[in-house]
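**Q** One structure, pasted below without further comment.
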Amino acid sequence: MKFIIDFFPILLFFVAYKMGDIYTATAVLMGATVLQTALIYKMDGKLQAMHKITLVLVLGFGALTLGLHDERFIKWKPTLLYTGLAIALAVAHGLLKKNFLQMLLGQQLQLPQAVWHRMNISWMVYCLFMASLNAYVAHYVSTEEWVNFKLWGYLFPLVLILGQGIYVSRHLPKDGADSK
């Protein structure tokens, strides 16, 4: 259910683009993101930082796109988001000696510190990769190809999450291990 809520703004953006143009799609994305945020807040009673940041960036860059009638703003929003996430993970890890992934998931997963470290590094690398990839696509290809990339680009995090799930599963305590 949560995946559908996370996915529906980009799906609506894609459909609105195909039926209209980038400006219609941007307005739809803005409305859908507000609705998504409200649904998540109603379900969870709170919003995670990621949801707040995404909402602010979508509304801010969407308003610039519509107000200035310049599609570059909405196309560069993902690059800024991914770069910001990579920087936040790196600063927390290097300067603050904190692991945000462990802080978010540590109560649900009991993993060795080395595994948390590798997961944090892999998310930093992933965010930098996605920021770079979006920057390239936003700059060098047509808006239509960028919109298609946005839809199919959702497969990248699924691959990362699946790969990390397989990696993490090897490090989870086995059932009955505590009873020995």
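**Q** Keeping to the stretch 34-90, report how many residues are at positive phi and in contact (Cβ under 8 Å) with a residue 40 or more places away in the chain.
**A** 1
**Q** Return only the number of the condition from (1) of a type in the set (A, V, I, L, M); (2) under 18 Å from the mean Cα position of the chain (by Cα); (3) not assigned by TED's automatic domain parsing to the domain that holds Val168 that Leu89 does not satisfy.
**A** (3)
**Q** Suppose the filter is in a helix (DSSP H, G or I) and buried (at least 17 other Cβ atoms within 10 Å of the Cβ); does Asn148 pass it?
**A** Criteria not met by Asn148.
**Q** Given the structure, is Leu95 in contact (Cβ under 8 Å) with a residue 24 or more places away in the chain and either surrounded by fewer than 18 Cβ atoms within 10 Å (Cβ to Cβ) or under 21 Å from Tyr126 (Cα atoms) (or both)? Write out each step before concluding.
**A** On the way: in contact (Cβ under 8 Å) with a residue 24 or more places away in the chain: no; either surrounded by fewer than 18 Cβ atoms within 10 Å (Cβ to Cβ) or under 21 Å from Tyr126 (Cα atoms) (or both): yes.
Criteria not met by Leu95.
**Q** When you scan the stretch 151-180, how many residues do you find that are more than 28 Å from Gln107 (Cα to Cα) and either aromatic (Phe, Trp, Tyr) or assigned to a loop (DSSP other than H, G, I, E, B) (or both)?
**A** Result for the stretch 151-180: 2.
**Q** How many of the residues making up the stretch 15-34 are of a type outside the set (Val, Ile, Thr) and under 17 Å from the mean Cα position of the chain (by Cα)?
**A** Total meeting the criteria: 3.
**Q** Still on this model: Would you mind finding the one in Thr54, Thr37, Thr83, Thr79 that is under 16 Å from Trp146 (Cα atoms) and either surrounded by 14 or more Cβ atoms within 10 Å (Cβ to Cβ) or not hydroxyl-bearing (Ser, Thr, Tyr) (or both)?
**A** Only one candidate passes the filter, namely Thr79.
**Q** With the condition kept exactly as written, say whether any residue in the stretch 108-124 is touching a residue at least 12 places away in the same chain (Cβ under 8 Å), surrounded by fewer than 13 Cβ atoms within 10 Å (Cβ to Cβ) and within 30 Å of Phe14 (Cβ to Cβ).
**A** no
**Q** For Phe100, which of the numbered conditions (1) in contact (Cβ under 8 Å) with a residue 40 or more places away in the chain; (2) in the same structural domain as Ile121 (by TED's automatic domain parsing); (3) aromatic (Phe, Trp, Tyr) fails to hold?
**A** All conditions are met except number (1).
The values are calculated or read from the model by the stated rules, or taken from the named source; none is laboratory data. These figures come from a predicted structure and were not determined experimentally. Don't worry about glycine lacking a Cβ; one is built from the backbone with ideal geometry, like all the others, and counts go over all protein chains shown.
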